[in-house]
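Written below as structure tokens is the structure these notes are about.
The values are calculated or read from the model by the stated rules, or taken from the named source; none is laboratory data. Here the structure is a predicted model, which means the values were calculated and not measured. Here Cβ is always computed from backbone atoms with ideal geometry, including for glycine, and neighbour counts include all displayed protein chains. Protein only, heavy atoms only, side chains kept; ligands, DNA and RNA dropped before computing areas. Shrake-Rupley method; radii C 1.70, N 1.55, O 1.52, S 1.80 Å.
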Amino acid sequence: SAVAHYFFFMCGLFIAGVNCRFASLESNTLLQKATKKSALSMFLFSILTLVTLIGVYGLILTARAHYNEVKSIYINPHLSNELLEKARSGFEKAIKTDPLEPAFSYSLANVQWYAGEEKSALNTYLDAARKNPMEGAYWQRIALLSKGDSIRNKLIEEGYARALLKSSMIINYSEYLLWKDERTKAIKLLQKHVGEDVDFLFDILPLIES
């Protein structure tokens, strides 16, 4: 996540600062010798930085724990309200703890979509796309909830072009067709891609079981 990247950046910055300090002690310099006051300030700053890094990483782990508790719940139109709300609660806690992770927003949007909250789902999908604009699956979901065929088709094409894992795009579209009761069209789409890639069958097992 973005927070994790920031954490490792700060760790690297902290280590680089310490290394520079040791290197400066071993070389000649025109700089004045550090006073006790400046040394104390540097020490306190280092402690504050370390505490901040530990706190940030703790939040990342906590958010991931909330997410892992419910990520195994396969969100689909036939899911019970109890499981749907359990998933919603877990994803909301994860977002609150780590608001920069796009996967958390995307998962919450899926819950909102199948709960019939299309407007909220669209806004949450947009939030996920803003956090990671290169993830094609987010744009495809936005397209499926957008009005106007021209806008929808353009977003689907753009989302497919950006997606690294093309199979996820096919699954998303098939879920949408099933949700719209276009079962025959969804089955033909899945059969076509299973014929082209046998491994794709394992990707759609949760969809078939639902």
Task: Environment charge at Asn110 (Cβ cut-off 14 Å; Lys +1, Arg +1, Asp -1, Glu -1) - done: -3
Task: Pairwise FRET efficiency - Phe8 versus Met42, Cβ, R0 = 25 Å, nearest 0.05 - done: 0.70
- [ ] Add +1 for every Lys or Arg and -1 for every Asp or Glu among the other residues with Cβ under 14 Å from the Cβ of Tyr57, and state the total.
- [x] -1
- [ ] Using a 1.4 angstrom probe on heavy atoms only, work out the carbon and sulfur share of the accessible area of region 49-180 in %.
- [x] 57
Task: Extension reserve of the Ala16-Thr62 stretch, reckoned as 0.36 nm per residue once the Cα distance is removed - done: 13.8 nm
TODO: Grab the other residues whose beta carbon is less than 14 angstrom from that of Ile142, score K and R as +1, D and E as -1, and report the net.
DONE: +3
- [ ] Calculate the spin-label point distance for Val194 paired with Glu82, positioning each point 7 Å from the Cα along the beta-carbon direction, and give it in nanometres.
- [x] 3.1
- [ ] Sort Ser41, Ser46 from largest to smallest accessible area, using a 1.4 Å probe on the heavy atoms of the protein chains.
- [x] Ser41, Ser46
